[in-house]
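Each reported figure results from applying straightforward, stated rules to the coordinates on display, with no laboratory input. Fair warning: this is a prediction, and the values are worked out from it, not measured in the lab. For neighbour counting, all protein chains shown are included, and Cβ atoms are generated from backbone atoms with ideal geometry for every residue, glycine included.
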């Protein structure tokens with residue numbers, strides 16, 4: 001049944017649904033345990049957006065009054081002021097708090113966000129040493145980018161569909177096909193599926209179809225049939241489910257049913273809940289709250305050593321207060337503003353300013369002389385030194401001599417190269433290294449796009465080289481644990497159909513195969529155990545203790561905790577050592593233990609670049625263990 005003309009364009013129930021969506025997102029970001037499926041609040045927002053925008057412009061198109069210029073002008077006035085204010089505020093905070101790698105990543109994402117492409121920026125593999133996506137202060141802008149991209153093409157599509165009766169089938173059929181595409185992408189290209197418009201458009205499309213074809217009479221029973229899958233998804237869904245499809249289908253269909261039945265109609269229990277004044281108010285400030293809450297929660301932990309329940313509660317209250325303030329002092333006044341120039345001039349000015357920050361940040365690799373940079377230099381003096389090259393052979397030690405030792409591995413091995421180069425020169429030895437990010441230095445296993453290069457080019461060179469010793473080093477645990485920060489690497493091993501145990505068996509077999517080949521070629525094989533890795537960014541922790549005038553802790557993790565965290569990797573290496581007794585092991589944790597404590601800093605200088613990659617000072621504790629017995 002087609003939507004009839006409403007005497008009033010305001011639907012209080014929709015604000016109630018917005019409140020449900022933003023509350024779910026906020027709780028999930030505060031603590032996933034509070035609302036395990038709260039990330040699906042974004043999917044609820046998508047359905048609402050599709051409904052609202054169609055309900056607004058469909059009558060205009062039918063009456064011949066629709067203007068593309070007015071549409072995009074109104075969208076700009078609705079979205080840009082709070083968006084640009086949030087970006088500007090984030091940059092001010094980031095200037096004080098973030099390190100250069102973070103600022104470089106922020107600069108790249110700011111440019112993408114200003115162009116409405118933040119989602120595709122996140123779907124690509126960012127700078128390997130950039131901060132984790134989970135803590136990026138602009139991560140939440142991916143969903144805004146999806147909506148902006150949708151608004152670019154959807155009005156034209158709707159004009160064509162409503163003016164040509166013969167293609168009315170295009171919207172429902174297209175929505176179904178996009179859902180199938182999303183299912184396929186969720187399985188085979190999960191990162192692209194999560195962020196991409198092409199895999200999210202069906203969610204907005206459901207809202208569009210509700211506005212065009214599915215207005216029902218108010219029904220309390222049907223509204224309950226809509227709210228149950230919504231609440232069930234928000235409370236019970238796991239982020240390991242296939243996202244966005246099919247996992248988001250129940251909440252999208254439930255939301256559609258709630259909108260179509262207008263949440264049960266006046267007098268029903270659900271309707272009374274959704275139109276409560278506090279609920280509707282939360283829905284009205286939901287846009288400001290969405291843009292404000294994530295930067296506060298992402299940057300807040302960088303201000304304090306403890307980010308517990310009390311701090312999170314205060315942060316949530318601050319987010320609500322700021323959202324209300326921005327809603328009343330900026331969002332609403334701009335929407336009521338009659339003069340276009342009063343809106344356009346400051347908007348363009350702030351956008352140009354932000355673009356300038358971003359371009360400068362990218363061109364200088366985040367090294368902008370910020371307070372965060374100065375603090376980093378104090379705890380990590382060699383932070384300005386460039387990384388050794390990857391995916392190619394690098395000669396180390398004395399030049400003009402055949403190599404004595406070969407180092408191969410991933411980014412953890414890359415961190416050893418400067419220290420290894422100096423140590424070889426001091427001992428009158430030579431060597432070479434081949435490293436590539438997220439790449440296990442093993443045959444018969446693929447963890448990155450560089451794995452084939454290793455098998456095709458690096459491994460034959462290892463076998464031909466006159467070097468007597470080959471050192472294999474990697475962040476072994478990253479490929480074998482489901483909570484690893486390096487998800488792109490470990491997902492190639494731990495697929496939805498393969499357990500940690502199966503992945504461990506694969507890695508164990510690959511180590512045995514590679515080591516056997518090398519030993520048959522006359523090489524001594526050395527395996528470097530996983531280095532201790534922390535759940536905190538070590539330089540950041542040292543900077544925070546310094547800022548607060550506090551003494552750094554003696555240790556951030558016990559040896560027992562280290563062994564538990566790396567249990568799968570250590571078990572694999574133990575099995576290899578039992579099977580091939582001639583393999584040498586380098587016990588990284590023992591080498592980084594002093595007086596029974598795992599050390600992470602010496603005299604205020606960090607042994608780590610982040611939470612797991614060693615600085616030169618940290619690498620110097622590992623390197624002698626596998627070259628001291630070499631001699632000319």
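Applying 1/(1 + (r/R0)^6) with R0 = 25 Å to the Cβ-Cβ distance of residue 303 and residue 551 gives a FRET efficiency near 0.85.
Have a look at the DSSP beta bridges in the chain and tell me what percent are antiparallel, nearest 5.
Numbers: 10 of 28 bridges.
Expressed as a percentage, antiparallel bridges in the chain total about 35.
Geometric descriptor of the range 12-368, per residue, is 142 Å³ (volume of the convex hull of the Cα atoms).
For the range 362-481, state the semi-axes of the equivalent ellipsoid (square roots of 5 times the eigenvalues of the alpha-carbon gyration tensor), sorted largest first and rounded to whole angstrom. Walk me through the numbers before you get to the answer.
On the way: eigenvalues 157, 83, 29 Å².
The equivalent ellipsoid of the range 362-481 has semi-axes of 28, 20, 12 Å.
Can you compute the helix-only [θ] at 222 nm over the chain? Use -39500 (n - 2.57) per DSSP H run of at least 4 residues, normalise by all residues, nearest 500 deg cm²/dmol. Numbers along the way, then the final one.
On the way: 29 runs with 357 residues, N = 632.
Value at 222 nm, helices only: -17500 deg cm²/dmol.
Of 363, 199, 611, the sequence from fewest to most neighbouring Cβ atoms within 10 angstrom is 363, 611, 199.
Taking the Cβ of each residue in 179, 626 as the centre, tally the other Cβ atoms inside 10 Å and list the residues starting with the fewest. Could the numbers behind the result be given before it?
Details: 179 21, 626 24.
Taking fewest neighbouring Cβ atoms as first place, the list is 179, 626.
Calculate the tail of P(r) for the range 378-626: the fraction of all Cα-Cα distances greater than 23 Å, expressed in %.
Details: 15247 of 30876 pairs.
Of all Cα-Cα pairs in the range 378-626, 49 percent lie more than 23 Å apart.
So, in Å, what gap is there between the alpha-carbon centers of the range 420-460 and the range 373-399? Comparing the Cα centres of the range 420-460 and the range 373-399, I get a distance of 17 Å. The stretch between residue 228 and residue 351 holds 40.0 nm of extra length on full extension. This uses 0.36 nm per residue minus the Cα-Cα distance. Could you compute the FRET efficiency for residue 367 and residue 535, with r as their C-beta to C-beta distance and R0 at 22 Å, rounded to 0.05? With R0 = 22 Å, the Cβ-Cβ based efficiency is 0.20.
Can you grab the distance from the C-alpha centre of the range 164-182 to the C-alpha centre of the range 515-575, Å, no decimals? Here the answer is 52 Å between Cα centres.
Using Cα-Cα distances under 8 Å and only pairs 6 or more residues apart, what relative contact order does the chain have, in percent? Write out the running numbers ahead of the final one.
Numbers: 992 pairs, mean separation 92.6, N = 632.
Relative contact order of the chain: 15 percent.
Quantify how much of the Cα-Cα distance distribution of the range 73-192 extends past 25 Å, in percent. Present the calculation step by step, with values, prior to reporting the outcome.
Working: 2850 of 7140 pairs.
I get 40 percent for the Cα pairs in the range 73-192 exceeding 25 Å.
One decimal place: the segment residue 385-residue 325 gains 17.2 nm when fully extended, by the rule 0.36 nm per residue minus the C-alpha distance.
Treating each Cα of the range 24-68 as one equal point scatterer and applying the Debye formula with no solvent, the log10 of I(q)/I(0) at q = 0.23, 0.24, 0.31 Å⁻¹ comes out as -0.73, -0.76, -0.94. Here the simple spin-label model places points 7 Å from the Cα toward Cβ, and for residue 164 and residue 177 these points are separated by 1.3 nm.
Restricting the count to DSSP beta bridges whose residues both fall in the range 378-626, what percent are antiparallel, rounded to a multiple of 5? Kindly include the intermediate steps, with their values, before the conclusion.
On the way: 10 of 28 bridges.
Percent antiparallel among DSSP bridges in the range 378-626 is about 35.
Helix 417-426 and the longest principal axis of the Cα set of the chain meet at an angle near 10°. For the range 187-272, the alpha carbon convex hull comes to 90 Å³ per residue, rounded to a whole number. Note on the range 1-80 and the range 88-119: Cα centroid distance 27 Å, given to the nearest whole angstrom. Between residue 360 and residue 599, the simple spin-label model (points 7 angstrom out along Cα→Cβ) gives 4.0 nm. One entry in (1) 0.94; (2) 0.97; (3) 1.03 is Rg/Rh (Cα atoms, Kirkwood Rh) calculated from the shown coordinates; its label is (3). Residues 99, 343 in ascending order of nearby Cβ atoms (within 10 Å, fewest first): 343, 99.
Subtracting the Cα-Cα distance of residue 464 and residue 377 from 0.36 nm times their residue separation leaves 27.1 nm of extension gain.
Label-to-label distance for residue 332 and residue 68 is 3.5 nm, based on points extended 7 Å past Cα in the beta-carbon direction.
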